[in-house]
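The structure appears below as C-alpha cells.
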Amino acid sequence: MFRRIALLWCVVITLALAGTAVASGGAGTLDRSFGDRGKVLTKFKHRNGRTSFGHPNLVPRAYSVLVDAKNRAVAVGTADQKFALARYKPNGHLDPSFSDNGKVTTQLSARHKKKNRLSRAYAGAIDSHGRILAAGLALGDLSGDRIAIARYQSNGHLDSSFGDHGEVRTLIGSRFGGCSARAVAIDSDGRIVVAGSGQADSWLLARYKPNGKLDRSFGAGGSVTTPFSNDFDGAESVAIDSQGRIIAGGFAKRDVALARYEPNGILDPSFGSGGKVRTNFPGEVEARSIALDLQDGIVAALESREPANVRHFALARYRDDGSLEGSFGNGGEVTTDFGGHSVAESVSLDKSGRIVVAGRATGPGQRRFALARYLANGELDPAFSQDGKKTTTFGSGNETQGANGTAIDRRGRIVAAGYLRGKFALARYHGGGS
C-alpha cells in the first residue's frame, strides 16, 4: 500500500514539474532569461539630454530586428530624427562591445545646415562579415527624401570602406521628387538591394555593390522603377530567393502587390502577369512584410483595413509562379482576430516551416504586442500559447506600443521589437523546438 502511495506521489510530482516546465518554457511563453522576465526597454536621448518623445519624428521606435550568429539581437530604427541601433547580448542586456554602450545614432541628412534634418531607418540586414546595414531615408538640402544607407562594423562604428565614410545617400530621379527605402536584403554576392518608393508614387528598387556604389548592371544604371496603379503605390518589403531573383511586396492603391525581378533587374515574366501580381482582398490591404519558404513560395503579412476601419491580422500565401496557394487558409488568405483592432507588421518562417507574425493589437484602454504562429496550411498552431496567439503588454498597457519586426534565433526563440512611447521595446519568446 505504502509503495503504491509513494509511486502515486512520484507520478503527481513528475506531472506537476512537467506542467511547470511547460508553463515557464512552452512555445509562446516569454523567455524569462531575457531582460526583465522576457522584456527589454531601451531609452535614447535627444540633443538637449532628455528622453525624446512627443513629436512623431522624435519618438524612438524600432522598425526591424535582426539576430546575428552569436544570438545577439540588433534593433534598427529611429530616435531624434536619426538612424538608431541597439545591440543586446543573449541575456537581453545592452552589449557594451557595440559602440561602447550598446547604442549608436547616425544623422544621414545634410550636415552643413545647423538645423537637424530628418533621417529615419526602417530596415536592417547583417552581411556575411557580421557588418550591420541600416536603410531608410534622409531629407536633402532643398529637395525631397533620398535613399539612405549606413553600414556599421561589428563594434558599432561606421564602416569607412562603405560609401562616404560608412554612409550612402542616393537621389534617383528629379531633385524635387524624392525617394526612400523601406526594406533591404543582401544577395549571395554581397550586393545590397533596397526597395521602397520613387517618384510619381511608383515602386523603386536599387542595388549597390558591397562598397556602397550603385551597381550599374542592375536595371537602368542601378535602379528599377515599377508602376502599378499610377496612383499611390509603394514597396514595403524585399527578399531574394534561391535563384537570386528579387521579390518585392507592397501595395498598389488598395491592393496587395508583389513583383519579381531577374538578378539583372528585369521583371520576371514567369511570375504573375509580366512579373507582377496584384490581389484584391476586401477593404484596403498592403503587404507589410514577406518571407520565402524552401520552395521559393511567398508568405506575406498584410495590413488589412476593412469597412468601418476594422483591422485584423491577415496573411496570404503565394506559389512560386505568383498564384495564390489555394490550400492555405481560405483560398490563400488567413485572417486572425485578436479582438479590437490588430495589425500584422512582420513575418518570419522557422526551421519547421511554421509562420510567425508580429504586430500590435489594441482595444479599449489596452495596447499590446501581438504574435501569432501558424502551421504551413495557415491554421493557428495550438502548440503556441495554447491557441496560436500571444499578446504582451509593456507597462500599464495604456501607452502606445506595438511590434514592428520579428526574427528567430538559432535556438528557435522568437524576438519581437517595436516601441513603447519613448523607448525601443523588445520581447523574446520560447519557440518550443521543432
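Each reported figure results from applying straightforward, stated rules to the coordinates on display, with no laboratory input. Please read these numbers as outputs of a predicted model, since none were measured by experiment. Reconstructed Cβ throughout: ideal geometry from the backbone, glycine too, with neighbour counts over all protein chains shown.
Taking other C-beta atoms within 10 Å as the exposure proxy, 350, 36, 215 rank 36, 350, 215 from fewest upward. Along the stretch 181-198 the Karplus relation, 6.51 cos²θ - 1.76 cosθ + 1.60 evaluated at θ = phi - 60°, assigns HN-Hα couplings of 10, 10, 8, 9, 9, 10, 8, 5, 9, x, 6, 10, 10, 10, 10, x, 10, x Hz to successive residues, with x for each Gly and Pro.
For the listed residue pairs 39/389; 82/351; 82/213; 89/423; 45/213, the alpha carbons are over 26 angstrom apart in 82/351; 45/213. Counted by Cβ distance under 9 Å from residue 102, the other residues give a net charge of +1, where Lys and Arg count +1 and Asp and Glu count -1. In this structure the amide hydrogen of residue 381, modeled in the peptide plane, comes within under 5 Å of the amide hydrogens of 373, 374, 375, none closer than 5 places in sequence on its chain. Look at (i) 22.1; (ii) 21.6; (iii) 27.0: the one that is Kirkwood radius over Cα pairs in Å derived from this structure is (i). For the chain, a Gaussian network of Cα nodes joined below 10 Å ranks 244, 359, 92 by mean-square fluctuation, and the top entry is 244. With contributions of -39500 (n - 2.57) from each DSSP H run of at least four residues, the per-residue ellipticity at 222 nm computed over the chain stands at -2000 deg cm²/dmol. Result for the chain in a Gaussian network model with C-alpha springs under 10 Å: among 312, 129, 93, the largest mean-square fluctuation is at 129. Averaging the sequence gap over all C-alpha pairs within less than 8 Å and six or more residues apart, then dividing by the number of residues, gives the chain a relative contact order of 13 percent.
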